[in-house]
Amino acid sequence: MEKFWKITIKGPSIQGVMLRERIVTLRDEFPNGSSILGFVRNWQDWVEIIFKSDDALANTFFHKIGEIPGQPESLGMIEIREKKLEVIPSPVSVFGEKAFEDFKVKRESEQKEMMLALQGAGKVFIHSAMIQRDVSHHLKARDEAKVKGILLSLYYEALHNKDMILAKTYGGISLTALSQAFSTPPLPTDSFAYQLSELFLKLELLKNNKSIISEQSEINSISKSIDTFVETLMKELGDRGIKVEHKRDAGKDAQKNI
């Protein structure tokens, strides 16, 4: 028998860190997840999920949400300290029947969402910068070939993503090299950490098509960010004896030297 449920999630780092989007992805990939209907939203200083489903599915979904902070895609940024599942009276009269025809993020005002996105970018930057500092003393001992490989992976992925944006094929955006660069930073500088984190956040929002990034001017801004990142990578690769050009076929011969 279907009931209406509310999950309340509290913690020091749950807003502006893509938790709502992670929950939607979890539901979409969940066995029988299509039977979970409702929405997830930021409410005051916590995250709230209101949905309808049967008992077994609601309880399993609740426990799976607790695994989100440990997923690699969360980059260690999400911290949940308290979560609660409870049955509630039908909220249809408050939110309307359409709110329970699918499952999605219920967003606040555009200004509030932009503020959360910027806060999230700052958190990712601080987190990645801390990681970069922690591993900086290991970088000198690391095989230089590995650094070249990481930089080249970032370079080719950036060019691929630029092509996806130009073709408006946002679902084809790749985040593999960017994600790996967080756990294995190729450079210990704060400026590189900021470029990396900012670009990752913007591309993930665009890829998932669940963000406030919709205006062409914003997409053009992301494209310029990629160009700037590529220029940084070209310089770093050049300093290491690898010459690449700002085009897809560039650098193939240079890869052989790694």
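The values are calculated or read from the model by the stated rules, or taken from the named source; none is laboratory data. Because the structure is predicted, anything quoted here is derived from the model rather than measured. FYI the Cβ positions are ideal-geometry reconstructions off the backbone, even for glycines, and counts take in every protein chain you see.
Tabulated data
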| read-out | value |
| --- | --- |
| Filter pass, P69 being without any contact (Cβ under 8 Å) to a residue 40 or more places away in the chain, in a helix (DSSP H, G or I) and more than 11 Å from F103 (Cβ to Cβ) | yes |
| Among the residues listed as E101, E86, E97, E67, the single one being at pLDDT 70 or above, under 21 Å from Q44 (Cβ atoms) and surrounded by fewer than 16 Cβ atoms within 10 Å (Cβ to Cβ) | E86 |
| Residue within the stretch 49-64 that is more than 20 Å from E204 (Cα to Cα), under 19 Å from the mean Cα position of the chain (by Cα) and modelled with pLDDT under 95 present | yes |
| Qualifying residue in the stretch 147-167 (condition: at pLDDT below 85, in contact with a Ser or Thr (Cβ under 8 Å, 6 or more places away or on another chain) and buried (at least 19 other Cβ atoms within 10 Å of the Cβ)) | no |
| Those residues of the stretch 1-14 which are under 29 Å from E198 (Cα atoms) and either in contact with a helix residue (DSSP H, G or I) (Cβ under 6 Å, 6 or more places away or on another chain) or of a type in the set (G, A, S) (or both), in sequence order | G11, S13 |
| Test: residue in the stretch 9-20 that is closer than 21 Å to E97 by Cα, at pLDDT 85 or above and in contact with a Phe, Trp or Tyr (Cβ under 8 Å, 6 or more places away or on another chain) | no |
| Residue list for the stretch 11-58, filter: aliphatic (A, V, I, L, M), closer than 21 Å to I80 by Cα and outside any helix (DSSP H, G or I) | I14, V17, M18, V40, V47, I49, I50 |
| The stretch 15-41: number of residues that are acidic (D, E) and in contact with a helix residue (DSSP H, G or I) (Cβ under 7 Å, 6 or more places away or on another chain) | 1 |
| The stretch 16-34 residues that are under 17 Å from E2 (Cβ atoms), paired with ones that are in a loop (DSSP other than H, G, I, E, B) (beta carbon under 6 Å, 6 or more apart) | R27/I36 |
| Subset of the stretch 42-54 [surrounded by fewer than 16 Cβ atoms within 10 Å (Cβ to Cβ) and either of a type in the set (D, E) or in contact with a helix residue (DSSP H, G or I) (Cβ under 7 Å, 6 or more places away or on another chain) (or both)] | D45, D54 |
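Matching residues to (1) assigned to a helix (DSSP H, G or I); (2) touching a residue at least 24 places away in the same chain (Cβ under 8 Å); (3) charged (D, E, K, R):
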{"site": "K162", "(1), (2), (3)": "yes, yes, yes"}
{"site": "G171", "(1), (2), (3)": "yes, yes, no"}
{"site": "F182", "(1), (2), (3)": "yes, yes, no"}
{"site": "P185", "(1), (2), (3)": "no, yes, no"}
{"site": "F200", "(1), (2), (3)": "yes, yes, no"}
{"site": "L203", "(1), (2), (3)": "yes, yes, no"}
{"site": "K207", "(1), (2), (3)": "yes, yes, yes"}
{"site": "L237", "(1), (2), (3)": "yes, yes, no"}
